[in-house]
Amino acid sequence: QVQLVESGGGLVQAGGSLRLSCAASGRTFGSYGMGWFRQAAGKEREFVARISTGGGSTSYADSVKGRATISRDNAKNTVYLQMDSLKPEDTAVYYCAASPWEYTTQARDYRYWGQGTQVTVSS
């Protein structure tokens, strides 16, 4: 069992930056691939970024590539999402999730989910 708690969301102007954090409980954090997803109002949840168990492999959605950086600190049981050059279309609830498959970008493969943190980007 892994419990995930996101933080770091908020209101930011376009062009600004945010760093989202996701703290995990449990001793097995390092054995899970971690991902960030987001869901805007009226839209389906979409993949944002993922990172492998050791952090050596990452991938990003085209919509955030070059503006987002995912990282993890297994000693702190935490995964991060640094978002730069934010755009109004980045406005969404951001979720972190844990998967036993470390290379997947599919939401259905993620077993544990946090409650989400709201990110609002004003123009």
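The values are calculated or read from the model by the stated rules, or taken from the named source; none is laboratory data. It should be emphasised that the depicted structure is a prediction, and the values quoted were computed from it without experimental measurement. Using ideal geometry, Cβ is built from the backbone for each residue, glycine included, and neighbour counts are taken over all protein chains shown. Quick note on the areas: whole protein, heavy atoms, side chains included, nothing else; ligands and nucleic acids left out. Shrake-Rupley method; radii C 1.70, N 1.55, O 1.52, S 1.80 Å.
Below are the figures for this structure:
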{"read-out": "Count of residues meeting criterion [open to solvent by 20 Å² or more (accessible area, probe 1.4 Å), within 12 Å of the chain's Cα centre (by Cα) and within 14 Å of Val121 (Cα to Cα)] in region 40-94", "value": "1"}
{"read-out": "Residues of region 1-39 satisfying the condition of being within 17 Å of Thr117 (Cα to Cα), under 14 Å from the mean Cα position of the chain (by Cα) and either of a type in the set (Val, Ile, Thr) or in a loop (DSSP other than H, G, I, E, B) (or both)", "value": "Val5, Gly8, Gly9"}
{"read-out": "Every pair of residues 6+ apart whose Cβ atoms lie under 7 Å, when the first sits in region 26-43 and is of a type in the set (A, V, I, L, M) while the second is open to solvent by 30 Å² or more (accessible area, probe 1.4 Å)", "value": "Met34/Arg72; Ala40/Thr91"}
{"read-out": "Ala75 vs. criteria among the aliphatic types (A, V, I, L, M) and free of Cβ contacts under 8 Å to residues at least 12 places away in the same chain", "value": "yes"}
{"read-out": "Subset of region 50-65 (residues that are under 22 Å from Gln13 (Cα atoms), of a type outside the set (S, T, N, Q) and touching a residue at least 12 places away in the same chain (Cβ under 8 Å))", "value": "Ala61, Val64"}
{"read-out": "Residue check, Thr104 in contact (Cβ under 8 Å) with a residue 60 or more places away in the chain, out of contact with any Cys (no Cβ under 9 Å at 6 or more places or on another chain) and over 19 Å from Gly9 (Cα atoms)", "value": "yes"}
{"read-out": "Looking only at region 98-123, and only at residues there that are aliphatic (A, V, I, L, M) and over 14 Å from Gly26 (Cβ atoms), the one that is surrounded by the most Cβ atoms within 10 Å (Cβ to Cβ)", "value": "Val119"}
{"read-out": "Pick from region 15-28, criterion farther than 14 Å from Val93 by Cβ and either in contact with a helix residue (DSSP H, G or I) (Cβ under 6 Å, 6 or more places away or on another chain) or of a type outside the set (Gly, Ala, Ser) (or both), ranking: most open to solvent (accessible area, probe 1.4 Å)", "value": "Arg27"}
